[in-house]
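Taking it in order: structure first as structure tokens, then the write-up.
Derivation of every value follows stated rules applied to the coordinates shown; laboratory data play no part. Not measured: the values here are computed from a predicted model. Backbone-built Cβ (ideal geometry, glycine too); neighbour counts: all protein chains shown.
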């Protein structure tokens, strides 16, 4: 840990940029399931140390002799074949041009499966009106979060860029909080889009926490996929992008080609907003 703490901030930032870009570009490989005798040995060893630990899967890793153990609702551990020794942390591959976060690539697959279970009617969706969507992002949001409000102001521009915004609720103060009541009221409103926009503009809407609203389910899902703050965006491929991004930067991250005239217009708009 001290080694990484001593790296200059700029170097660390460039390293993370290389890692994140490469992890998205690489194709996902299907993990090979560990042999039955290895699985039995690892499970027995872990059970002897932590009887209540639930192991979701045990697969071969990219390092010979180490196996990737997915703990249910927890991290990935890299363990020896007998399960007596393990390391906790992401596994990286040194590839031409940068490092690839192999652990994050595996997490993306799991996130994509979880996000695919969502129903459109349980989300508040802002879709492009005059063109088919080129990409979609699922955004865990809190109506009291400044950068969530800032992102919502750019939803019309995101739609112009061909990006569909699908909102999921993530009240950071927790279930039952005032933020929960506000955002649940948006999901319970007759016009969910209008209610969400009013809340993001710091306007009030009638409190209406209806039974069966999906806010608590969204909150728990966010915790499962690794959300630690808002806004947190997840692509349909399972890539987690925490934090706010300007519309053009987000389009670039999603691989969307932007018309030069529209790009120039949005760049000018963004520059004016900074003044």
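Of note:
- Between helix 9-25 and the chain: long-axis angle, C-alpha atoms, 0 to 90°, nearest 10: 90
- Relative to the 2.2 N^0.38 Å rule of thumb, region 115-274 has a C-alpha radius of gyration ratio of 1.01.
- Using the Cβ-Cβ distance between residue 198 and residue 73 with R0 set to 45 Å, the FRET efficiency works out to roughly 0.80.
- Fewest neighbouring Cβ atoms within 10 Å first, the residues 190, 90 line up as 190, 90.
- Of the peptides 92-99, 57-64, the order by per-residue mean of other Cβ atoms within 10 Å, starting with the highest, comes out as 57-64, 92-99.
- One quarter of the surface of the convex hull around the alpha-carbon atoms of the chain equals 18.3 nm², the direction-averaged projected area.
- Cα shape, region 228-275, gyration tensor, a/c 1.5 rule: oblate
- Global form of region 86-137, assessed from the alpha-carbon gyration tensor, a/c cut-off 1.5: oblate
- Relative contact order of the chain, defined on C-alpha pairs under 8 angstrom at six or more residues apart (%): 15
- As a rough footprinting exposure proxy, the listed residues 45, 179, 228 were ranked by other beta carbons within 10 Å of their own, and the order from fewest upward is 228, 45, 179.
- Taking the helices alone, the chain has a mean residue ellipticity at 222 nm of -12500 deg cm²/dmol, built from -39,500 (n - 2.57) per DSSP H run of at least 4 residues and averaged over all its residues.
- Alpha-carbon centroid distance for the pair region 187-247 / region 118-186, whole angstrom: 5
- Sorted peptide list for 166-172, 122-128, criterion being average Cβ within 10 angstrom, highest first: 166-172, 122-128
- A crude spin-label estimate for the pair residue 252 and residue 54, with each label 7 Å from Cα along the Cβ direction, gives 4.2 nm.
- Short-range pairs are left out: with C-alpha atoms under 8 Å and at least six residues apart, the relative contact order of region 115-274 is 27 percent.
- Helix 102-115 and the longest principal axis of the C-alpha atoms of the chain enclose an angle of approximately 50°.
- Nearest-ten-degree value, helix 215-225 long axis tilted from longest Cα axis of the chain: 40
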